[in-house]
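Here the structure comes first, spelled out in structure tokens, and everything after it is commentary.
The values are calculated or read from the model by the stated rules, or taken from the named source; none is laboratory data. Quick caveat: nothing in here was measured; it's all calculated off a predicted structure. Counting neighbours? That spans all protein chains shown, and the Cβs are built from the backbone with ideal geometry, glycine included. Protein only, heavy atoms only, side chains kept; ligands, DNA and RNA dropped before computing areas. Shrake-Rupley method; radii C 1.70, N 1.55, O 1.52, S 1.80 Å.
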Amino acid sequence: MSMLTVENVKKTYKDGHTAVSNVSFELKKGECLGLVGESGCGKSTLARCLLRIESIDSGAIYFKEQAIEQLNERQLRPFRKNIQIVFQNPTAALNPKLKIKDSLLDPYIQYQNELTLTHFSYSSKDAFVKQLLEAVSLPAHLANRYPHEISGGQRQRVTIARAISIEPDLIVLDEPTASLDVISQGEVLNLLKELQTTLQLSYLFISHDLAAVSQMSQRIIVMKNGKLLDQFSQTDLFDEERHPYTKELISIF
Ligand code: ADP
Ligand code: MG
């Protein structure tokens, strides 16, 4: 089943710069699709279009076979619940005035009346927060801290815990480890892999780092200057038929 289908999507900013140009791909249920490309090639713009944070000029995006441009207010709610995003910078993604536990509870409080959780269960605020922290291997006592009182790696684990708390179908991971030191990067990638299996998630894993993309993904798409140049199975990464630009990325990793 298709989780996400992107057809000929084009996005031009007001200044006339086309950040995404005729991009098409499919992301199947349960897979991790890797999107790789250098800084400025349009990855985050595309991510924002997929979440309907940004509108598209032409083309279509289908989430679970429903055209997202056509979702009405009532249909937008389940859409917003089912597709979550984790950004590069966890400090900017967390409200500095909220304790970790309150940031973690926020999505649940928003959607509690329409949620049927299968992995997590809610009996009390504290018990729920404890489950979420445990799921991302953070100690329970961090619940009462503020974002500036924990490390960058821990902050990113919190944003991941928040994204999984309402058990979405798809998580868009936009350079989730780019702001972290090398050790935390490896740990967070392993955590994401583990969560994908236990929670049966689909991922769009975005990175400028082909090594990370290749480690995480079953299939890979390559973008440059807003265009999709190559798409292939991870096992075909080193094939002769790869696009010259993909080979260039391989040579520098
Ligand atoms: P990436 O995530 O791959 O680094 P982005 O999607 O952030 O790339 O940016 C793609 C291009 O679009 C860049 O040239 C960037 O300067 C431009 N861009 C990004 N956001 C905006 C915006 N809000 N307004 C105008 N141009 C933008
Ligand atoms: Mg980006």
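What number of residues within the stretch 192-233 are assigned to a strand (DSSP E or B), of a type in the set (Lys, Arg) and surrounded by fewer than 17 Cβ atoms within 10 Å (Cβ to Cβ)? Before the answer, list the steps.
Our first condition is that a residue be assigned to a strand (DSSP E or B); within the stretch 192-233, this holds for 202-207, 219-224, 227-233.
Now restrict to residues that are of a type in the set (Lys, Arg): 219, 224, 227.
Subsequent filtering for residues that are surrounded by fewer than 17 Cβ atoms within 10 Å (Cβ to Cβ) retains 227.
Total satisfying the criteria: 1.
Yes/no matrix, rows are residues, columns are (1) in contact with a helix residue (DSSP H, G or I) (Cβ under 7 Å, 6 or more places away or on another chain); (2) of a type in the set (A, V, I, L, M):
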{"residue": "128", "(1), (2)": "yes, no"}
{"residue": "143", "(1), (2)": "yes, yes"}
{"residue": "152", "(1), (2)": "yes, no"}
{"residue": "174", "(1), (2)": "yes, no"}
{"residue": "194", "(1), (2)": "no, no"}
{"residue": "224", "(1), (2)": "yes, no"}
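Working only within the stretch 165-187, note down all residues that are of a type in the set (A, V, I, L, M) and surrounded by 23 or more Cβ atoms within 10 Å (Cβ to Cβ).
If the condition is that a residue be of a type in the set (A, V, I, L, M) and surrounded by 23 or more Cβ atoms within 10 Å (Cβ to Cβ), then 171, 172, 173 are the ones that fit.
Return the pairs, sorted by first residue and then second, in which the second residue is not basic (Lys, Arg), the first residue lies in the stretch 65-76 and is modelled with pLDDT of 95 or more, the beta carbons are less than 6 Å apart, and the residues are 6+ apart or on different chains.
From the stretch 65-76, the pairs are 67/60; 68/61; 71/79.
For the stretch 1-103, please list each of the helices (runs of 4 or more DSSP H) lying entirely inside it that holds at least 3 residues being within 16 Å of ligand 2 (Cβ to nearest atom) and on the phi < 0 side of the Ramachandran plot.
Details: elements: 43-50, 73-82, 90-93.
Passing ranges, in order: 43-50, 90-93.
If you check residue 114 against the conditions, is it away from ligand 2 (no atom under 16 Å from the Cβ), on the phi < 0 side of the Ramachandran plot and at pLDDT below 95? It would help to see each step written out before you state the result.
Numbers: away from ligand 2 (no atom under 16 Å from the Cβ): yes; on the phi < 0 side of the Ramachandran plot: yes; at pLDDT below 95: yes.
Spelling it out, residue 114 is indeed away from ligand 2 (no atom under 16 Å from the Cβ), on the phi < 0 side of the Ramachandran plot and at pLDDT below 95.
Starting from the stretch 33-50, keep only residues that are farther than 11 Å from residue 209 by Cβ, then list their pairs with residues that are basic (Lys, Arg) and surrounded by 21 or more Cβ atoms within 10 Å (Cβ to Cβ) whose Cβ atoms are within a distance under 6 Å, requiring at least 6 positions of separation or different chains.
The qualifying pairs are 35/43; 45/11; 49/11.
Going by the conditions given, is residue 170 touching a helix residue (DSSP H, G or I) at 6+ places or on another chain (Cβ under 9 Å) and away from ligand 2 (no atom under 16 Å from the Cβ)?
Working: touching a helix residue (DSSP H, G or I) at 6+ places or on another chain (Cβ under 9 Å): yes; away from ligand 2 (no atom under 16 Å from the Cβ): yes.
When the stated conditions are applied, residue 170 passes them.
Which condition breaks for residue 245 when tested against (1) free of Cβ contacts under 8 Å to residues at least 60 places away in the same chain; (2) away from ligand 1 (no atom under 16 Å from the Cβ)?
Residue 245 satisfies all of (1) free of Cβ contacts under 8 Å to residues at least 60 places away in the same chain; (2) away from ligand 1 (no atom under 16 Å from the Cβ) except (2).
Name every residue in the stretch 1-57 that is near ligand 1 (Cβ under 8 Å from one of its atoms), within 20 Å of residue 82 (Cα to Cα) and open to solvent by 50 Å² or more (accessible area, probe 1.4 Å), in order of residue number.
Within the stretch 1-57, 48 is the sole residue that qualifies.
Out of (1) within 18 Å of residue 176 (Cα to Cα); (2) in contact with an Asp or Glu (Cβ under 6 Å, 6 or more places away or on another chain); (3) of a type outside the set (Lys, Arg), what's the single condition that is false for residue 39?
(2)
What number of residues within the stretch 82-121 satisfy the criterion of being farther than 25 Å from residue 4 by Cα, open to solvent by 80 Å² or more (accessible area, probe 1.4 Å) and touching a residue at least 12 places away in the same chain (Cβ under 8 Å)?
2
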